[in-house]
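The block underneath contains the structure these notes are about, expressed in structure tokens.
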Amino acid sequence: MSEPPHVLITGAANGIGRATTLELARNGVRMGLIDIDSTGLESLATELRSAGATFVAATADVSWRWQLCQAVKEIEAALGPVDVLVACAGFGTLTLVPDLALDTLRHTFEVNLFGVAESIEAVLPGMLNRGRGHLVGVASLAGYRGFPWMISYSASKAALIAYLEALRPGLARRGITVTTACPGFVRTAMSTGVPYKRKVKMIEPEQAAQHLVRAILRRPRNCVFPWSMGMGLAILKLMPDRLFDWLMRRAGPEALAVDF
Ligand SMILES: NC(=O)c1ccc[n+]([C@@H]2O[C@H](COP(=O)([O-])OP(=O)(O)OC[C@H]3O[C@@H](n4cnc5c(N)ncnc54)[C@H](OP(=O)(O)O)[C@@H]3O)[C@@H](O)[C@H]2O)c1
């Protein structure tokens with residue numbers, strides 16, 4: 001019988017990454033777990049140990065190359081080469097005009113774009129040598145357009161979507177699949193901080209995890225969920241700029257408890 005695949009997950013300690021880890025554990029997968037939150041990682045490890053899961057956890061900042069490479073080295077030494085990378089670590093906060101908060105913009109790109117690129121860089125040479133592998137980058141539907149209450153976040157996810165898309169054809173010729181995951185609203189620490197006036201329809205991290213696990217099995221180019229929000233955002237993406245601006249001017253202040 002062949003060995004179960006080795007899946008490396010960044011941002012594993014909380015939210016979508018944590019739920020995905022627990023779902024993968026139920027599927028008997030070997031897991032490398034990386035997160036900047038060492039306390040969260042430790043509590044996850046306790047839960048996984050009692051479930052009898054096979055895993056190695058390491059604390060690292062995905063945007064710090066040296067730390068990340070050390071963590072990946074440690075994990076691969078224990079579990080063998082990574083078959084699938086799920087780059088889920090992310091950062092998001094409100095950025096509103098007129099405060100362009102360039103430090104926030106820089107940090108958001110460091111984590112959401114460079115953190116994913118560094119994670120890919122850490123596992124790609126091995127995958128290229130073996131002529132197989134699967135890279136799953138967790139972007140966001142917020143990257144489909146520039147949303148005025150999440151300027152930095154939207155920009156970073158749009159950049160990530162384009163980055164993963166651009167990697168796809170060249171890596172496919174070398175046996176490596178790239179999947180861009182675009183979740184809508186998921187109930188985690190990141191999304192609950194946004195001051196929406198009304199209740200926003202969110203899916204649970206466990207539902208997001210099921211979509212990601214299915215994407216690991218089926219290796220689609222894109223994994224957009226929930227379906228209804230994906231449709232809405234696809235329409236928004238095709239909308240003429242004039243109409244989009246009008247909608248944002250209306251929808252923004254009506255939807256948010258803060259002005260922009
Ligand atoms: N929640 C949503 O509605 C939603 C929607 C679309 C896409 N996404 C994307 O889904 C992914 C997971 O988000 P989530 O909602 O599960 O957020 P979350 O609950 O905040 O989990 C993100 C995890 O990544 C960790 N992390 C942050 N910066 C890191 C770094 N530099 N190095 C290593 N780990 C780092 C966080 O640690 P700390 O907690 O210590 O910061 C946290 O454990 C993100 O890429 C996010 O952009 C989320």
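The values are calculated or read from the model by the stated rules, or taken from the named source; none is laboratory data. Everything quoted here is computed from the prediction, not taken from an experiment. Using ideal geometry, Cβ is built from the backbone for each residue, glycine included, and neighbour counts are taken over all protein chains shown.
Out of the residues in segment 18-32 meeting the condition of being of a type in the set (D, E, K, R) and assigned to a helix (DSSP H, G or I), tell me which one is farthest from the ligand (Cβ to nearest atom). So, considering only residues that are of a type in the set (D, E, K, R) and assigned to a helix (DSSP H, G or I), the one farthest from the ligand (Cβ to nearest atom) is Arg26. Would you pick out the residues in segment 179-207 that are part of a helix (DSSP H, G or I) and either near the ligand (Cβ under 8 Å from one of its atoms) or at positive phi (or both)? Within segment 179-207, Ala189, Met190, Ser191, Pro205 meet the criteria.
For segment 235-250, what are the residues that are loosely packed, with under 13 Cβ neighbours inside 10 Å and of a type outside the set (D, E, K, R)? Ile235, Leu238, Pro240, Leu243, Trp246, listed by residue number. Scanning segment 39-50 for residues that are of a type outside the set (A, V, I, L, M, F, W, C) and either outside any helix (DSSP H, G or I) or near the ligand (Cβ under 9 Å from one of its atoms) (or both) yields a count of 2. Looking at this structure, is Arg145 of a type in the set (Lys, Arg) and more than 25 Å from Arg214 (Cα to Cα)? Spelling it out, Arg145 is indeed of a type in the set (Lys, Arg) and more than 25 Å from Arg214 (Cα to Cα). Annotation note: of Ser140, Ser154, the sole residue that is without any contact (Cβ under 8 Å) to a residue 40 or more places away in the chain and crowded, with 19+ Cβ neighbours inside 10 Å is Ser154.
Evaluating Val123 against the criteria (1) touching a residue at least 40 places away in the same chain (Cβ under 8 Å); (2) away from the ligand (no atom under 14 Å from the Cβ); (3) in a loop (DSSP other than H, G, I, E, B) leaves one unmet condition, (3).
The set of residues in segment 136-155 being in a strand (DSSP E or B) and either modelled with pLDDT under 95 or not small (Gly, Ala, Ser) (or both) consists of Val136, Val138, Met150.
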